[in-house]
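Read the structure below first, then the notes.
The values are calculated or read from the model by the stated rules, or taken from the named source; none is laboratory data. Keep in mind that this is a model prediction, so the values were computed, not measured. Methodologically, a virtual Cβ is constructed for each residue, glycine included, from the backbone with ideal geometry; neighbour enumeration extends over all protein chains shown.
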């Protein structure tokens with residue numbers, strides 16, 4: 001008793017292959033998703049800083065960019081290198097200053113100098129703080145081959161930086 005080769009092959013069921021069928025979807029691909037906004041929690045327990053609370057279209061009006069980078073302008077040099085350097089600086093700061101930064105790392109470029117700013121917790125003893133500042137400035141200056149300066153402010157607790165809860 002031989003079965004047709006298209007449907008049975010050595011005891012395994014083989015389904016017929018159909019030609020590709022076009023389908024028409026009526027729902028949006030990103031239904032319910034909104035870029036650049038934080039989702040509201042049920043109990044409104046998610047803390048937002050001032051920068052996080054402002055929507056993206058308010059960047060030029062009420063808030064500023066986290067990276068000041070003028071090489072992205074038309075005719076600017078080193079566009080990709082600057083973006084990679086900014087990413088490296090953020091990763092380095094996150095690893096070196098682990099759980100000390102309360103806010104996001106701000107990177108400003110002025111001529112040949114890179115200024116890194118942010119808000120840190122006051123729980124760090126001054127000796128460790130001075131070591132971390134010197135270590136960070138020296139290592140980043142050596143790696144990036146330009147002067148790097150840290151502009152840090154301190155806050156007593158993470159709750160001091162919270163702008164609102166959503």
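Scan region 89-98 for residues that are free of Cβ contacts under 8 Å to residues at least 24 places away in the same chain and touching a strand residue (DSSP E or B) at 6+ places or on another chain (Cβ under 8 Å) and the total you get is 2.
Note on region 45-80: residues that are closer than 26 Å to residue 144 by Cβ, at pLDDT 75 or above and surrounded by 11 or more Cβ atoms within 10 Å (Cβ to Cβ) amount to 1. Scan 165, 130, 135 and give me the residue that is closer than 28 Å to residue 55 by Cβ and surrounded by fewer than 16 Cβ atoms within 10 Å (Cβ to Cβ). Every option except 165 fails the conditions. When we screen 108, 128 for residues that are over 30 Å from residue 42 (Cα atoms) and without any contact (Cβ under 8 Å) to a residue 12 or more places away in the chain, the only hit is 128.
Since residue 85 meets every condition but one in (1) loosely packed, with under 14 Cβ neighbours inside 10 Å; (2) at pLDDT 80 or above, which condition does it not meet? Result: residue 85 fails condition (1) only.
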